[in-house]
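Trainee: Dropping the structure in here first, questions after.
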Amino acid sequence: MLQAVPHSLYFALSAALFTIGAIGVITRRNAIIVFMCIELMLNGANLAFIAAGNMIGSIDGMVFVFFIMTVAAAEAAIGLAIFVLIFRLKGTINVDEINLLRG
Amino acid sequence: MADYIWLIPVFPAVGFLINAFLGRKMPKAAVSWVACLALFASFVVSAIIFLEFLKLPAEARVFEKDIFDWIVAGEFAAKVGFRIDSLSIIMCLVVTGVGFLIHVYSAGYMHDDEGFARYFTYLNLFVFMMLTLVTANNLLLMFVGWEGVGLCSYLLIGFWYKKDSASNAGKKAFIVNRIGDFGFLLGMFMLVTTLGSQGVWTLNYAELQANAHLLTTATATIITLFFFIGATGKSAQIPLYVWLPDAMEGPTPVSSLIHAATMVTAGVYMIARLNFFYIMAPVTMEIVMIIGLLTALFAATIGCTQYDIKRVLAYSTVSQLGYMFVGVGAGAYAAGIFHLMTHAFFKGLLFLAAGSVMHAMSGELDMRKMGGLRKKIPVTFWTFLVGCIAIAGVPPFSGFFSKDEILWKAFANSGGNLYIWIIGAITAGLTAFYMFRMLFNTFFGQSRASEDVKHHIHESPKVMTVPLVVLAILSVVGGWVGIPQLLGGANRIEQWFEPVFGHEKEVAAPTINFITNAFASGGAEGHAASAEGSLMIAAIIVALVGIFVAYYLYIRHPDLPVRFVRSFPGIFSTVYNKYYVDELYDAIFVRGLFALGRFCKRVVDEILIDGTINGVAYLLGGIGSILRRVQAGYVQGYAFGMIIGAIFVLGYLIIRVVL
């Protein structure tokens, strides 16, 4: 079944997911949506790993994916907690209005 | 035999340590006992070695002992080692003997001073350093002593440091000495590199002497000139003499010990010690003699105008040191050291007597406010008189023999140059004049002191007068070791120094043209003898004339000097103000250095260095203020930057792979 679809399409889909995610990160204002876009980028990368692992007949790709998923879960937990705190502090999670790091 | 020579400098060092650490807790009597006994022990050791020397043949009179390696660098090794020979033993005896008497005197003189322990600590340290200087067997250790005595001189001039003038005088002495020491150092550096390049790495006197032939005349001239600069600083010769008159701010026994009898003669000793180099450099010898002669005359003229008795003595010291340099410059090292020795006796005596006068006069130093002290302080008067006669050069007092020896040798060794002798003789006449001017003003005539001071005039205690008497006896008999052949003596002192200075070449019978006629009969021998005899008689006459002029002006017609000052105010004030040399140095060197300092502060420091450092800071700040705009604080901006960057990197890699 998987064999039937050429690898190049998987890569194309992966690239599309990654690009959509990246554009979302840059353009969206709501921090939660930005965050979701980051997840999208990660999953684009995951897809590329799986496809590449399958292509060369190795399970290394899958190992990477497991790690990325673990990191993404941890990141979600911490990131969402940070958003809660920022919301308490500033009354908004609009990334345009959060510029505490301005030099 | 040679094992215990290091004891000579060690005793004062022990005294120094005891007084430095325990002095303040000990009673005053204990402090002075420790200090005096330390000196006496050194004197005894020196005397034992001296007696030992007398038993040995002349060539064997050298004890040398290396204690340990001090600095080893490659082939060069400087050792801590001592050498006692016929030159240094005389120096040791003078330093410890006169030093001991002055220590005893100090115990009385400084009795009521709160810095009593500090005073004796410094004094013992000084003697230790001075003995290190004279007993060292290499130039580097001599330099340690050289610097050490300079330090002690500074400490003791500024002993009453609460007085501004004293602490300034101390600084002046130290700085002027440092200029000279710089010359000493350069001389040593040059000696080491020149000899080292020929495989001789040493500063030991004996080895230097053995290798002296490796130097060319030109190198020897430069090296000896450098060393002479060192000597002008320490021994107060033109142009570095300015510190010595100011050094009189220190306690009087210090002036006596350091600034008359011992330390200031270190330069003469050093040149005599390095005689084997100086002989190779006739040009240097001539410069030494001329500088000595000029200093002697110059200082003597200033001495004639001063009213402060210690300052008169100070200029007299500068002048007498000039004599010693004339001696060593003329190649008459024995005569120079002989004069050094007799000078230590009579100048030490004169200073101590001046201290006794001060003691009697409640600290007054101005001879215009003295007078008539003869009856009131007789011991001081008689000893002072002995000192004056000795320095004036009246036979058979010690000063006559040494001074005459120098004058004769300077005349004879310069091939009969009468001008040198005449300047020397004029100086001798001036010396006799100003010494007796001081004597008459101080001890004769009517007292000009205030009633309050007059009431307190009293003779000093025994502890002060006994050293005076001993030194007075030495001032009389001290010259008898050097009675010239002409007067039926054996000139023992010259023979004594032969192992160090070599046999002095027989004088080639110079004659004086206008005297030749009078003594035309007789051969060359007769000429030399008659020239020496006639010059000797002339010198005695000059001295007596000087004394008589002083008598005439200050006893018979005391109004004459006053009238002279009124009629020639320009001449008088120029000489009285020391030819404005201090002002000249102030204008050229002190202000010059201040100006240089200001230039360095304003231009080098504030513009160059501060400018560089501040400039770097401003530059980085400026770059930062531009770059900080990138740091807008918007997360998405950063993300955008990262992506653009990633695209560039990827694009570059892809292009490289594809192409």
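Trainee: With respect to A:Ile38, is the statement that it is within 10 Å of chain B (Cβ to nearest Cβ), in a helix (DSSP H, G or I) and within 12 Å of the chain's Cα centre (by Cα) true?
Mentor: On the way: within 10 Å of chain B (Cβ to nearest Cβ): yes; in a helix (DSSP H, G or I): yes; within 12 Å of the chain's Cα centre (by Cα): yes.
Considered against the rule, which asks whether it is within 10 Å of chain B (Cβ to nearest Cβ), in a helix (DSSP H, G or I) and within 12 Å of the chain's Cα centre (by Cα), A:Ile38 comes out as yes.
Trainee: Here's something else I'd like to know. Among the residues of segment B:632-653, is there at least one that is away from chain A (no Cβ under 14 Å), of a type in the set (A, V, I, L, M) and part of a helix (DSSP H, G or I)?
Mentor: yes
Trainee: If the requirement is being closer than 26 Å to A:Ile38 by Cβ, surrounded by 12 or more Cβ atoms within 10 Å (Cβ to Cβ) and β-branched (Val, Ile, Thr), which of these qualifies: B:Val649, B:Val635, B:Val630?
Mentor: After applying the criteria, what remains is B:Val635.
Trainee: Hey, can you tell me all the residues within segment A:36-85 that are small (Gly, Ala, Ser) and more than 23 Å from A:Val5 (Cβ to Cβ)?
Mentor: A:Ala72, A:Ala73, A:Ala74, A:Ala76, A:Ala77, A:Gly79, A:Ala81
Trainee: Right, another one. Just wondering, is there one or more residues in segment B:601-624 that are under 30 Å from A:Arg29 (Cα atoms), within 14 Å of chain A (Cβ to nearest Cβ) and assigned to a helix (DSSP H, G or I)? Please lay out each step first, then the result.
Mentor: From segment B:601-624, those under 30 Å from A:Arg29 (Cα atoms) are B:624; that's our starting set.
Subsequent filtering for residues that are within 14 Å of chain A (Cβ to nearest Cβ) retains B:624.
When the remaining residues are screened for being assigned to a helix (DSSP H, G or I), the result is B:624.
Yes - at least one qualifying residue is present in segment B:601-624.
Trainee: Which residue is surrounded by the fewest Cβ atoms within 10 Å (Cβ to Cβ), if the candidates are limited to segment A:50-103 and must be under 21 Å from A:Ser14 (Cβ atoms), over 17 Å from the mean Cα position of the chain (by Cα) and among the polar types (S, T, N, Q)?
Mentor: A:Ser58
Trainee: Could you run through segment A:65-101 and say how many residues are more than 12 Å from every other protein chain (Cβ to nearest Cβ) and part of a loop (DSSP other than H, G, I, E, B)?
Mentor: So the count comes out to 2.
Trainee: Sticking with this structure for a sec: Against the condition away from chain A (no Cβ under 14 Å), in contact with a helix residue (DSSP H, G or I) (Cβ under 8 Å, 6 or more places away or on another chain) and among the aromatic types (Phe, Trp, Tyr), how does B:Tyr554 come out, does it pass?
Mentor: yes
Trainee: Kindly list the number of the only condition in (1) more than 27 Å from the chain's Cα centre (by Cα); (2) buried (at least 21 other Cβ atoms within 10 Å of the Cβ) that fails for B:Ser88.
Mentor: Only one criterion is unmet by B:Ser88, namely (1).
Trainee: Quick one: how many residues across segment B:575-603 are among the charged types (D, E, K, R) and in contact (Cβ under 8 Å) with a residue 24 or more places away in the chain?
Mentor: Summing the residues that are among the charged types (D, E, K, R) and in contact (Cβ under 8 Å) with a residue 24 or more places away in the chain in segment B:575-603 gives 2.
Let's see how each residue does on (1) without any contact (Cβ under 8 Å) to a residue 60 or more places away in the chain; (2) under 27 Å from B:Met188 (Cα atoms):
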{"position": "B:Ala47", "(1), (2)": "yes, no"}
{"position": "B:Glu75", "(1), (2)": "no, yes"}
{"position": "B:Asp112", "(1), (2)": "yes, no"}
{"position": "B:Phe116", "(1), (2)": "no, no"}
{"position": "B:Met130", "(1), (2)": "no, yes"}
{"position": "B:Leu139", "(1), (2)": "no, yes"}
{"position": "B:Trp146", "(1), (2)": "no, yes"}
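Trainee: Going through B:Gly415, B:Gly363 one at a time, which residue ends up being farther than 15 Å from B:Ser460 by Cβ and modelled with pLDDT under 90?
Mentor: Going through B:Gly415, B:Gly363 in turn, just one is farther than 15 Å from B:Ser460 by Cβ and modelled with pLDDT under 90: B:Gly415.
The values are calculated or read from the model by the stated rules, or taken from the named source; none is laboratory data. These numbers come from a predicted model, not from an experiment. Cβ sites come from the backbone with ideal geometry, for glycine too, and all protein chains shown count toward neighbours.
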